1. Just going by the charge dipole of segment 18-82, with Lys and Arg at +1 and Asp and Glu at -1 on Cβ, which of Leu67, Asn23, Leu35 is farthest out on the positive end?
2. Arrange the following residues from fewest to most other Cβ atoms within 10 Å of their Cβ: Glu107, Glu40.
3. Going by average Cβ density within 10 Å per residue, which order do the peptides 112-120, 56-64 take, highest to lowest?
4. Just to confirm a number: summing +1 for Lys and Arg and -1 for Asp and Glu over residues other than Asp111 whose beta-carbon lies under 15 angstrom from that of Asp111, what do you get?
5. When the C-alpha atoms of segment 52-136 are aligned to their principal axes, what extent does each axis show, in angstrom, from largest down?
6. Leu67: net charge of surrounding residues, Cβ under 11 Å, Lys/Arg +1, Asp/Glu -1, itself excluded?
7. List His73, His148 from most exposed to least, where exposure is judged by having the fewest other Cβ atoms within 10 Å.
Amino acid sequence: MPTKHIHDGKIQQITTFKHRLINDGMIPFDVKSVLDVGCERGLTGALLQRSRDLDRMAGLDIFEPYLDDVRKHGYYTDVSQFDLNSGQPFPFKDDSFDCALCIDVFEHLKDKETGFHVAREMERVAKRVVIAMPSCLMTHPDFDDNPHQRHTIIFKPSEFKRLGYRVIGVGPVLLHLAGKYVCLPIESWPISTAFPSLSLTFVCIKDGALMPTKEGKPDEKKEEAKPAPKEDTSKAEAKKVLAKKSEAPGKPEEKKPEAHRAQKPKPKAGLEEKHAEVEKA
């Protein structure tokens, strides 16, 4: 789905990767609460409200005119003005959200340490973190009279992999040739997904939440195996006895000689001879 940007009075039509983030399930399908860090005019929140059953859609941004737009359209339940470069903690408690997003914001921060602080705060307040940014610095004029729109820093996919993030590329393939970046006119998802450093944009995902399947739906959580309850020792012994008896079915039980029956004594040899002589007489 294309979106339009206006620069110097000219309309440029581009394909946004935000639709892939949402449609491919990188943002889980079962989320109920989302924080949009650097929400701008609220495009992400509008798309999510149409595709998820959300109870809360919160936003942070430093530019007050953007926040006014967000409040006017009503896609966000609450928005606050917040300077990500301040190094301050987010105004939310731990695990306040199912998912925290930060799309096309890190390249506008003042330095890398600030970016890593923002990532840690996102991890603190949300169960899943999704961060997206370009893989190169882009020069473009300020627009919307927003002084914060300039690109100031670039991060590498490897830096987020070391922090435990799963990193994938999205968008067109980007090549660095003769000191310049060349963006191929075609979008090759298999190449950019497998090699984030060759993609115009890369996405960093971190948590243990539901991941999308090939059909675009999240996998079901596997139930943890519960420990078996402890059996009473007397019952356990009785079961062992029954098991031994049933090991050889069909075989007749051997009768043991009764202990109280005494064996008949053998007659003495002298008595037998006397009886024989009497019979002969």
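Read the figures in this text as sums done on the coordinates, not as results from a lab. It should be emphasised that the depicted structure is a prediction, and the values quoted were computed from it without experimental measurement. Glycine also receives a Cβ, built like all others from the backbone with ideal geometry; neighbour counts cover every protein chain displayed.
1. Going by the charge dipole, the pick is Asn23.
2. Ascending number of Cβ neighbours within 10 Å: Glu107, Glu40.
3. Numbers: 112-120: 17.1, 56-64: 20.4.
Averaged packing, sorted descending, gives the order 56-64, 112-120.
4. +1
5. Cα spread of segment 52-136 along its principal axes, largest to smallest: 33, 29, 25 Å.
6. Local net charge: -3.
7. Lowest count first: His73, His148.
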